[in-house]
Amino acid sequence: MSQLSEHVLKETTVYLGPASGKFLERQTQSHLNGLQFDKLEKQHLDELVKWVGISAGLLIGKDKAEELVKKIQGL
Amino acid sequence: MIVSRINRGSEYPTPGQGRLIQLVSARHSLQTKLTASFIILILLISGLTFFYTYGATKAALKESTQDELIQVAGIMATQINGDNVILLQPGEENTTRFIGIRDHLAAMRANSNEITNAYIMKDSGNGIIFVVDDIYGTDSNAARIGESYTTGENSTIAEAMKNPVASKDFYTDKWGTFMSGYAPVRNSAGETVAVLGVDMTADKVMAKQDFIGYTIYLIMGLSALIAGLIIFYFSRTMIRDIRKLNDTAEKISMGDMSAMVNVQRNDEIGELANSFSRMVASLKIMMSDDDNKP
């Protein structure tokens, strides 16, 4: 797993719990052309953040999803 | 997809349909218990403080009243010529000597708002007798020269032949209930020939005590009221957020996966809400994952 993937997973787990890995894998597979989450690179972040914002918003609400997005953007 | 699964919340019973968790009655609510407990605690502490403070204040008030009486009696006694007092005999109430002393006593007494009576007594050998009563001639209850005085105060009056003293407590005689101060009246040779007494009615001292008591009651009542309102307010916000968490849990338990935790706090309830939100999010992700399996 890339260092960036580990950091994104760590931040996401705070908000989405132990299923964060599955969540992120699904986002990269569905919206980043089948990319495996553990191969995540800096250039993928903008697109990932966009979809994390949308999908996490449905799970934990917009406010918390925005907090998560800001944390991932800060990585 | 997560999105499609979450939006299917409408397929499940909506909140209110087959509600599993009943609303807690006001009697059993945490808010009621917290508010009632704190109010009882405040009243208990205030009550104990009141009894201690009131008792101590009452004792201090009594002591200061006794000091005041001793001081007034002492000052007035130095203004009386013992040589004239000792010459007064029963039946001499209309003499210039008697009237002069009586008026002097009355004038000194009139200077103090607290003192209601002033008089001179002496030890006749057979007990304490009146010599001059400052209300003689204006009040039918006034004592005449030689009228004996017998109450529990006699020992205090006898003690005043040596030093100024005050009543140990309130006493009652035929004129009312008083606290008195006594001081020796001396002749030109410096010998004690009589005792000057001043009275303060119980009503005046009791009025002071009552004022202090009512003030403490008022402060206690206001404190309990304000504390109760503050506790009620804080417990209400706390219980409101617990109820929100409870509602979300109930919706999810009934299959409404669109439910979200909407509690923003920085305290332990906030931590509980965050943990709960994390758990719910994971549950939703896992459930949607199961849905996508063939």
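Within the accessible area of the protein assembly as shown, what % is carbon and sulfur when the probe is 1.4 Å and the other protein chains stay in place?
57 percent
First measure r as the distance between the Cβ atoms of B:D247 and B:F51, then evaluate 1/(1 + (r/R0)^6) with R0 = 51 Å and state the FRET efficiency to the nearest 0.05.
It comes to 0.65.
Let me check against my output: what whole-number percent is the relative contact order of chain B, with C-alpha pairs under 8 Å and at least 6 apart?
Numbers: 382 pairs, mean separation 76.7, N = 294.
The value is 26 percent.
Using θ = phi - 60° and the Karplus curve 6.51 cos²θ - 1.76 cosθ + 1.60, what whole-Hz ³J(HN,Hα) does each residue of region B:119-129 get, with Gly and Pro shown as x?
So the Karplus estimates, Gly and Pro as x, are 7, 10, 10, 8, 8, 7, x, 10, x, 7, 10 Hz.
Spelling out what I want: for every residue of region A:49-55, take phi, set θ = phi - 60°, compute 6.51 cos²θ - 1.76 cosθ + 1.60 (Karplus), and round to whole Hz; glycine and proline get x.
After applying 6.51 cos²θ - 1.76 cosθ + 1.60, I find 4, 4, 6, 4, x, 5, 6 Hz.
With solvent modelled as a 1.4 Å probe, how much accessible area in total do chains A and B shield from it at their shared surface, in Å² to the nearest 100?
1600 Å²
List the pair-distance distribution P(r) of the protein assembly as shown, using every Cα-Cα distance, as the percent of pairs falling in each 10 Å bin from 0 up to the bin containing the longest distance, rounded to whole percents.
Going out from 0 Å in 10 Å bins, the protein assembly as shown shows 5, 17, 15, 9, 7, 7, 6, 7, 8, 9, 7, 3, 1 percent.
Can you give the FRET efficiency for A:Q43 and B:L30, using 1/(1 + (r/R0)^6), R0 = 35 Å, r = Cβ-Cβ distance, to the nearest 0.05?
0.10
With a ≥ b ≥ c taken as the square roots of the eigenvalues of the C-alpha gyration tensor of chain A, please select rounded if a/c is under 1.5 and otherwise prolate if a/b is larger than b/c or oblate if it is not?
Judged from the Cα gyration tensor, chain A comes out rounded (a/c under 1.5).
Tell me the volume per residue, in Å³, of the convex hull enclosing the alpha carbons of chain B.
Expressed per residue, the convex hull around the Cα atoms of chain B is 186 Å³.
Below 11 angstrom from the Cβ of B:Y182, what's the summed charge of the other residues (Lys, Arg +1; Asp, Glu -1)?
Every neighbour counted, the sum reads -2.
Classify region B:66-201 from the C-alpha gyration tensor, please: rounded if a/c falls under 1.5, else prolate or oblate depending on whether a/b exceeds b/c.
Cα axes put region B:66-201 in the rounded bin.
For region A:33-75, what is the accessible area per residue in Å², given a 1.4 Å probe and the full set of protein chains?
57 Å²
Quick one: grab the alpha carbon gyration tensor of region B:139-294, order the square roots of its eigenvalues as a ≥ b ≥ c, and give me rounded if a/c is under 1.5, else prolate or oblate depending on whether a/b is larger than b/c.
prolate
Say the cut-off is 31 Å between C-alpha atoms; which of A:K50/B:K244; B:K33/B:K62; A:K39/A:K62; B:K62/B:K174; B:K33/B:K208 go over it?
Distance filter (> 31 Å) returns B:K33/B:K62; B:K33/B:K208.
From the phi angles alone, apply the Karplus equation (6.51, -1.76, 1.60; θ = phi - 60°) to region B:193-201 and give each ³J(HN,Hα) in whole Hz, x where the residue is Gly or Pro.
Those phi angles translate into 10, 7, 10, 9, x, 10, 10, 10, 6 Hz.
Where the convex hull is taken over the Cα atoms of region B:55-121, what is its projected area averaged over directions, in nm²? Please list the in-between numbers first.
Working: hull surface 21.4 nm².
The number I arrive at for region B:55-121 is 5.3 nm².
For a quick check: with amide H placed at 1.01 Å from N, whose amide H comes under 5 Å from B:T177's, ignoring anything fewer than 5 positions away on the same chain?
Amide H neighbours of B:T177, under 5 Å, 5+ apart: B:A202.
Which net charge results when you count Lys and Arg as +1 and Asp and Glu as -1 among the other residues whose beta-carbon is under 15 Å from that of B:N262?
+1
Go ahead and estimate [θ] at 222 nm for the protein assembly as shown from helices alone: -39,500 (n - 2.57) per DSSP H run with n ≥ 4, summed, over the residue count, rounded to 500.
Working: 11 runs with 213 residues, N = 369.
Helix-only estimate at 222 nm: -20000 deg cm²/dmol.
The values are calculated or read from the model by the stated rules, or taken from the named source; none is laboratory data. This one's a predicted model, so the numbers in the text were calculated from it and none came from an experiment. Don't worry about glycine lacking a Cβ; one is built from the backbone with ideal geometry, like all the others, and counts go over all protein chains shown. Side chains included, ligands, DNA and RNA excluded: accessible areas come from the protein's heavy atoms. Shrake-Rupley method; radii C 1.70, N 1.55, O 1.52, S 1.80 Å.
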